Amino acid sequence: MDDCIIIGAGPAGLTAAIYLARFHLSIRLFDSGSSRAAMIPCTHNHAGYPEGIAGKELLRLMLAQAERYGAVREPVKVIAIERDGDDFVVRTDHGTYPARTVLLATGVVNHRPAGLLPEVHDPALERGLLRYCPICDGYEVTDRRVGVIGTGDHGMREALFLRGYTRDVTLIAPEAGHELDDSCARALDEAGIARVDGPCGGWAIEGAQLALDTAGGRMAFDSIYPALGSRIRSHLAVAAGARANDEGCLEVDDHQRTSIPGLFAAGDVVKGLDQISHAMGEAGVAATTIRNLLDQRRPIRR
Ligand SMILES: Cc1cc2nc3c(=O)[nH]c(=O)nc-3n(C[C@H](O)[C@H](O)[C@H](O)COP(=O)(O)OP(=O)(O)OC[C@H]3O[C@@H](n4cnc5c(N)ncnc54)[C@H](O)[C@@H]3O)c2cc1C
């Protein structure tokens, strides 16, 4: 039986793997290979890399560090977590594995605009014409022409956040008309944020801009941010009985413990900042708590 099975090898899971392997614990690291960090062309807000670093390269370096201490990333999809007394059974598409503890670091998946096909989406993302994280890269759109696909409270908040970087922000409704209450509409007006109705379509890279059709005609922007929410990959823990909020984010305490003893969670799958630094910090806390829990059950000695 392993001391811990980590599900997910993004920044959270890899940080936990480094810590747990260096605690001399036996771990498995299962990963289905779709880290959000792998989508980052170059992050400039992750401390320690003054020139920035590509998400894939950061993941490669973190995995190399974990491997140095014996961790192995297994390309395996986990399909269920089951409780077995104080322990767990983790079912995967490659077999079933027992573990004393489990750390869920499965992240989230951003909703993409309807009709934005991969052949436009992927190069647009690579070139910074499409962006998903204003906290991460709002700086890069300073004084640029920015579109936000969204509406309601969420769309308003994202547009207002980006207004801190540029005067030229347009909020575009994804489907048809905007769904904005009076206070949202007023806040947008006061900030000078233009509003355009959808539906959005006809996505194409045109020169150095990303263009789309709207109810107000064809428009082009230096960068477009979808503000359409995300799917939280917490279903494995929720199916096992862990508590989550209405959005699906797992509830954890200050030590990253879910409501199921022995089941921990870190990173985007937990309500938080959805940033690499935050995922790493939570994973360090989770890993140390896991180590201390196992030590209480059976003292760790060499
Ligand atoms: C375009 C973009 C740009 C970004 N830029 C920045 C930035 O500049 N700075 C910053 O701090 N943050 C940035 N972020 C956010 C950052 O990528 C995330 O906060 C970070 O990746 C979260 O790490 P995580 O380990 O929680 O989840 P993830 O990195 O998403 O990793 C989760 C892992 O779990 C695996 N998994 C899921 N389900 C299963 C399963 N059932 N079985 C096995 N494995 C599973 C997935 O395959 C994945 O590898 C950006 C995000 C995007 C999309």
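The table below lists the values:
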read-out: Efficiency of FRET from Cβ geometry, Ala208 and Val89, R₀ 51 Å, rounded to 0.05; value: 0.45
read-out: FRET efficiency for Arg127 and Asp295, using Cβ-Cβ distance with R0 set to 51 Å, rounded to 0.05; value: 0.55
read-out: Contact order normalised by residue count of the chain, Cα under 8 Å, 6+ apart, percent; value: 20
read-out: Within the range 181-267, GluC sites (Glu not before Pro) in DSSP loop having at most 16 other beta-carbon neighbours inside 10 Å; value: Glu247, Glu251
read-out: Descending principal axes extents, the range 1-99, alpha-carbon based, whole Å; value: 48, 27, 18
read-out: Cut-off 14 Å between beta-carbons: net charge of the residues surrounding Ile260, Lys and Arg +1, Asp and Glu -1; value: -2
read-out: Gain upon complete extension [Leu61, Lys77; 0.36 nm per residue less C-alpha separation]; value: 3.5 nm
read-out: Distance cut-off 26 Å, percentage of C-alpha pairs in the chain lying past it; value: 49
read-out: For the range 112-226: relative contact order, % (alpha-carbon pairs under 8 angstrom, 6 or more apart); value: 32
read-out: The range 112-226, dipole about Cα centre (Lys/Arg Cβ +1, Asp/Glu Cβ -1), debye to the nearest 20; value: 200
read-out: More than 25 Å apart - percent of Cα-Cα pairs taken over the range 112-226; value: 13
read-out: Within the range 1-64, trypsin sites (Lys or Arg not before Pro) in DSSP loop having at most 14 other beta-carbon neighbours inside 10 Å; value: none
read-out: Low-density loop cleavage sites - trypsin sites (Lys or Arg not before Pro) in the range 166-257, where at most 15 other Cβ are within 10 Å (DSSP); value: Arg167, Arg243
read-out: Potential extension, Asp254-Ser277 segment - 0.36 nm per residue separation minus Cα distance; value: 6.6 nm
read-out: Axial C-alpha extent at least 15 Å, average Kyte-Doolittle at least 1.0 - helices from the chain (DSSP); value: none
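Only the coordinates and a few stated rules stand behind these numbers; no lab work does. Please read all numbers here as calculations on a predicted model, not as lab measurements. Ideal geometry is used to build each Cβ from the backbone, glycine not excepted, and the neighbour counts take in all protein chains shown.
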